[in-house]
Amino acid sequence: IKIYSLHVDCKVTSRFAHTVITSKIVNRANESREAIFEVELPKTAFITNFSMSIDGKVYPGIIKEKASAQKEYDTAVSHGQSAGLVKITGRKLEQFHVSVSVAAASKVTFELTYEELLKRQLGKFELLIKVRPKQLVKHFQIDVHIFEPQGIRFLETDSTFMTNELTEALTKVQNETKAHILFKPTIDQQKINPELDETLLNGDFVVRYDVKRGATAGDIQIVNGYFVHYFAPHEMPAFPKNVIFVIDRSGSMAGRKIEQTRDALLKILQDLRPEDHFSFITFNRRVVEWKNSLLQASAKNVASAAGFVQTLSASGGTDINRALLTAVSVLDKAESLPERSVSMIILLTDGQPTSGETNVEVIQENIQKAINGKYALFCLGFGFDVSYKFLEKMALSNGGIARRIYENADAALQLQGFYQEVATPILMKIEMQYPENAVEGLTKNNFKLFFEGSEIIVSGKISNELDLLPVEIKAQSHSSDLTLKEEANVKEKEQVFQNQSYIFGNFIERLWAYLTIQQLLEKSISAQEVDQKTLEAQALELSLRYSFVTPLTSMVVIKPTGQQQTELANKPTEAG
C-alpha cells in the first residue's frame, strides 16, 4: 500500500481557516489490502466533509444528528465493535482515522475538510498542521494561503522536524495582505538518510502571524450580507489586578506536580506588577491562608511570598468548596484596593473534592452565589483525575475559563503561559453595539474583560438593504470610560473580497455559524437543564445546516459492500 500523493491545502481568509487534506493511495500488491487514512486536526476545528473514492466510485460521509446516527449504526453493526473514527490524541489535536479494503492494483482517494476560526493568543494567530505520513510520499505538498484585508504585520513558520535540506523545500511569498507558504519536499529531502526509506516528516508544521491594526474601533468585514467585527486594542495601560491563587496541596499533588507548581508560582510572582495585589490560599482538607488579606506586590511582599511558595508540600484530602469560599471572602473584605481594578481567583487542582462539601453541584451553586458576578474565576485542572466538566462549568458560570494542564515536563511552562494570557487586563465591561433593527443572529457582544494579546470577535447578519453599518463600542479602561464609533460602508466592504480567487464564497457566513455553535455549546455548559435543551437544539440545527461535525452531530462513513458497512465520526470534548 503506497501513498503516492498527499496534499494539505489550507486557505485562511480573515482568520477563518479552511483545510482540505487529500491522500491518494494505490495497492501495488497482487491481493486486496487495507488502506488507512489518518489525520490529526486541531481540537478547535470542526470536520465539514469527508469522502473516499475507490476506482472512481465516491463514498461520501453524511452528517447527521448524533442520536439518530448512533441508532442507525447500532442496527447496522453487530455489538462489541468500537464505533468512532475520531479520538483526542494530544493537547491540541484529535485524530480522524478510517480504513478501507482496497483490491489489488486499485486506487483510493481520501479527502477530509475541516474549518476553524483562529484564536488570537498572546498577540498571534497560530495555524497548526500535523504532518505524519509514516512513509515516503512521491508528491507531498503543503499549501497555506493567507488573506488578511487588514494587512499582515508579521508571519513566521516553525516546525518540529525541519532540517537544512527540508528548509530548501519551503518557500514563502508575501505582500501587504496576502501570503503563500509552500512546503514541497522531494523524496530524497524527506529521507532521514539516503540509504533508508524512512521519513523525516513527523511532527508539527506551524504558521504564526498577526495583522495590522489601524482603526480604533476595530475592523469590520462583510460578505454576502454577513459581517464580522474584530476588536483588539493595544498599547493601553493595564488595570491593576487583585489575584488570589488557590492551590491544591492534597496528597495526589505530591512529588513532581507540587514541584512544578512551585516553579510556576515563583515565575508568576516575578511577573506581578507593583500596583497589583495578591495572596495565596492553599488547601487539602484544611484551608490555609498565607496572609489574611491581599498584599500589594511590592518587592518585599513578593520576596516573602516566594519564601512561602518554596515551603509548599502536599498531603491529605481536597476541600475545594471551603478554599474557594475563603478566597471570595478575602476579596469581599479587601480594603484600599485601587478603585479601577480587576479581581480574579485562579484555582489549581488535580482531583475531585474529597473533604468538606463533596457534591459538585452544591459546590458550583455555593461559589456562584458567593462570587455573584463580582470576580472572575479561572480553573486549572492538573492531569486527568480532575473532573474537567465540574471545573469548566464553575469557571464559565463565573466569567472565567477552564484549562487542562498536562502532566508533562513542561507543566510549569503551561501554568505560566496561562497566567500570561490573563496577566494584562486592559478593558472591562465591553459592549459592542449595532443597530437593533438592522442586525440579526448577533453572536455574543458583551464581554466582561479584555486581555492584551487576545481579540474580541462579533459576527451577525445584516438584515435589510443597509448602506452603512454603524458600530459603537463602550468599555471601561484604566483611566476612563470609552465610547468608540465607526461606520462601515457595506458596498465598499463587500468589494474587498469580490475578486479574490482563492476565497470560498460564503466564508463569513460559515465563520458566523462556527462562532455561534461554539458559543451555544459553551453557554449550555453552565445553563439550567431547561435552557440547555434549547441551546443544544439551536446548535444542532446550525451544525446540520452548515454540515459541521460538532459534539451534537456524527458523520456516518459508508464503505463498499462486503466490508464493515458504516462507521461513525464523533467529535470528542475535553470533558470526555
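The values are calculated or read from the model by the stated rules, or taken from the named source; none is laboratory data. No experiment lies behind these values; they were computed from the predicted model shown. When we count neighbours, we look across all protein chains shown, and the Cβ atoms used for this are built from the backbone with ideal geometry, even at glycine. Ligands, DNA and RNA are stripped out before the accessible areas are found, and what is left, the full protein with its side chains, is counted by its heavy atoms. Shrake-Rupley method; radii C 1.70, N 1.55, O 1.52, S 1.80 Å.
Here are the numbers for the structure shown:
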quantity: Degrees between helix 529-545 axis and first principal axis of the chain (Cα, 0 to 90, nearest 10); calculated: 30
quantity: Probe 1.4 Å - accessible area at LYS172, Å² to nearest ten; calculated: 100
quantity: Acute angle (nearest 10 degrees) that the helix 388-397 long axis makes with the longest principal axis of the chain, alpha-carbon atoms; calculated: 60
quantity: Net charge contributed by nearby residues that have their C-beta within less than 9 Å of HIS139 (K/R +1, D/E -1); calculated: +3
quantity: The chain, helix-only ellipticity at 222 nm - DSSP H runs n ≥ 4, -39,500 (n - 2.57), divided by all residues, nearest 500; calculated: -7500 deg cm²/dmol
quantity: Aspartates and glutamates whose Cα lies under 15 Å from that of LYS300, excluding same-chain neighbours fewer than 8 positions away; calculated: ASP271, GLU275, ASP276
quantity: 15 Å beta-carbon shell around ARG15, net charge (K/R +1, D/E -1); calculated: +2
quantity: Nearest-ten-degree value, helix 299-310 long axis tilted from longest Cα axis of the chain; calculated: 60
quantity: Mean accessible surface per residue for the chain, computed with a 1.4 Å probe while every protein chain stays in place, in Å²; calculated: 44
quantity: Distance (nanometres) between label positions extended 7 Å along Cα→Cβ at PHE154 and LYS138; calculated: 4.2
quantity: Carbon + sulfur, % of accessible area of the chain - ligands and nucleic acids excluded, 1.4 Å; calculated: 48
quantity: Relative contact order (%) - criterion: Cα under 8 Å, at least six apart; region: region 241-423; calculated: 24
quantity: 15 Å beta-carbon shell around ARG256, net charge (K/R +1, D/E -1); calculated: -4
quantity: When each of LYS64/LYS369; LYS374/LYS461; LYS212/LYS491 is checked by Cα-Cα distance, pairs over 29 Å; calculated: LYS64/LYS369; LYS374/LYS461
quantity: Anisotropy class of region 241-423 from Cα gyration tensor, a/c 1.5 cut; calculated: rounded
quantity: Added length on full extension, which subtracts the Cα-Cα distance from 0.36 nm per residue, ASN30 to THR177; calculated: 47.8 nm
quantity: Per-residue HN-Hα couplings for region 189-199 [Karplus 6.51, -1.76, 1.60; θ = phi - 60°; Hz; x = Gly/Pro]; calculated: 5, 6, 6, 5, 8, x, 6, 9, 8, 10, 9
quantity: Net lengthening on full extension, ALA103/GLU440 (0.36 nm per residue, minus Cα-Cα); calculated: 116.1 nm
quantity: Exposure ranking of GLU536, GLU529, GLU522 by accessible area [1.4 Å probe, largest first]; calculated: GLU529, GLU522, GLU536
quantity: Within region 30-72, GluC sites (Glu not before Pro) in DSSP loop having at most 15 other beta-carbon neighbours inside 10 Å; calculated: GLU31
quantity: Region 241-423, dipole about Cα centre (Lys/Arg Cβ +1, Asp/Glu Cβ -1), debye to the nearest 20; calculated: 180
